[in-house]
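The structure appears below as structure tokens.
The values are calculated or read from the model by the stated rules, or taken from the named source; none is laboratory data. Predicted, not measured: the structure shown is a model, and the values here were computed from it. Methodologically, a virtual Cβ is constructed for each residue, glycine included, from the backbone with ideal geometry; neighbour enumeration extends over all protein chains shown. Ligands, DNA and RNA are excluded from the accessible area calculation, which covers all protein heavy atoms including side chains. Shrake-Rupley method; radii C 1.70, N 1.55, O 1.52, S 1.80 Å.
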Amino acid sequence: MAQLERFTEFPAPAHSVDGVLARMRALGADWPPRDGVAVFNRVYLSVTEEVGRRITGGTFPDPAAATALDVRFAERYLRAVHAAASGRRPPACWRPLFQYRRHPGVRPLQFALAGINAHIGHDLALAVVDTCRTLRCEPVDLEDEFDRVGDVLVSLEERIREELMPGPDLLQVADPLTHLAGSWSLERARDGAWASARTLWALRDLPVVAEEFRDRLDGAVGLVGRILLTPLPD
């Protein structure tokens, strides 16, 4: 965890997209390129940069709500990094990525998908709830922003797969990576995140039940991440 030592002191919460971008760039500068968390960080950085451009360009009907959602979303990932840097256990959804980040048998696309799985499958639902509390609104009031952030992710997913897949001479239909990459869907994960956010919001006055739901969600997403990071032969 030597590369994480600078991040044991978690800074004050960011209030802008530029703030979270600065943190992600600082992380990327400290990690070797092949590090699994660094692979995801580069992917997430490109997504967040695109969301920032679209917020500035007026694509989102409510820029303030879009900013709040994007920042609360990013904070979930940054807190997982901080937990790992501090010697604490990050959420279960993130543990496989931190555990396997230097495994020589795990390919870059697997690292990217495992990080996206953790962030979409678990963090996005909680970020919607965080944003609703911050803005004192209902999930339905954020649906447009949620969908547009999701559209950015989907539009970049194909590019991510193309950039991180090995060349045609290495990739065959029977390659295990082809099977793993095809077994996970960003669109389904996004749909699940929205359903989970609405469920958590409905359970907000039942804290014990809500906490159990969060724990089960965290564990289930972590299990998928561990499968995505199955070491593969060269």
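The table below lists the values:
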{"quantity": "Within the stretch 141-164: backbone nitrogen closer than 17 Å to the L232 label point (7 Å, Cα to C-beta)", "calculated": "158-164"}
{"quantity": "Lys/Arg +1, Asp/Glu -1 at C-beta; the chain dipole; positive extreme among W194, G182, M24", "calculated": "M24"}
{"quantity": "Net dipole in debye of the chain [+1 Lys, Arg Cβ; -1 Asp, Glu Cβ; about Cα centre; nearest 20]", "calculated": "740 debye"}
{"quantity": "Accessible-area composition of the chain, carbon plus sulfur, in percent [1.4 Å probe]", "calculated": "54 percent"}
{"quantity": "Using distinct alpha-carbon pairs, which all enter the 1/r mean, Kirkwood radius of the chain in Å", "calculated": "18.1 Å"}
{"quantity": "In the stretch 173-213, trypsin sites (Lys or Arg not before Pro) in a DSSP loop with at most 15 other beta-carbon atoms within 10 Å", "calculated": "R204"}
{"quantity": "Crossing angle, helix 124-135 versus the chain [Cα axis fit, 0-90 degrees, rounded to tens]", "calculated": "20 degrees"}
{"quantity": "Per residue value of the accessible surface for the chain (all protein chains in place, 1.4 Å probe), Å²", "calculated": "48 Å²"}
{"quantity": "Extension gain from D141 to T56, taking 0.36 nm per residue of separation minus the Cα-Cα distance", "calculated": "28.6 nm"}
{"quantity": "Most mobile of L21, L180, L126 in a GNM of the chain (Cα contacts under 10 Å)", "calculated": "L180"}
{"quantity": "Angle in degrees between helix 186-202 and the longest Cα principal axis of the chain, rounded to the nearest 10", "calculated": "30 degrees"}
{"quantity": "Trypsin sites (Lys or Arg not before Pro) within the stretch 23-88, DSSP loop, no more than 10 other Cβ atoms inside 10 Å", "calculated": "R88"}
{"quantity": "Mean separation of Cα contacts under 8 Å (6+ apart) over length of the chain, as relative contact order %", "calculated": "28 percent"}
{"quantity": "Computed log₁₀ I(q)/I(0) - Debye formula, equal Cα scatterers, no solvent, the stretch 21-141, q 0.14, 0.21 Å⁻¹", "calculated": "-0.62, -1.22"}
{"quantity": "Computed [θ] at 222 nm, deg cm²/dmol, the chain (DSSP H ≥ 4; -39,500 (n - 2.57); rounded to nearest 500)", "calculated": "-22000 deg cm²/dmol"}
{"quantity": "Spacing of the two label points (7 Å from each Cα toward its C-beta) at D191 and S155, in nm", "calculated": "2.2 nm"}
{"quantity": "Potential extension, S183-A202 segment - 0.36 nm per residue separation minus Cα distance", "calculated": "3.8 nm"}
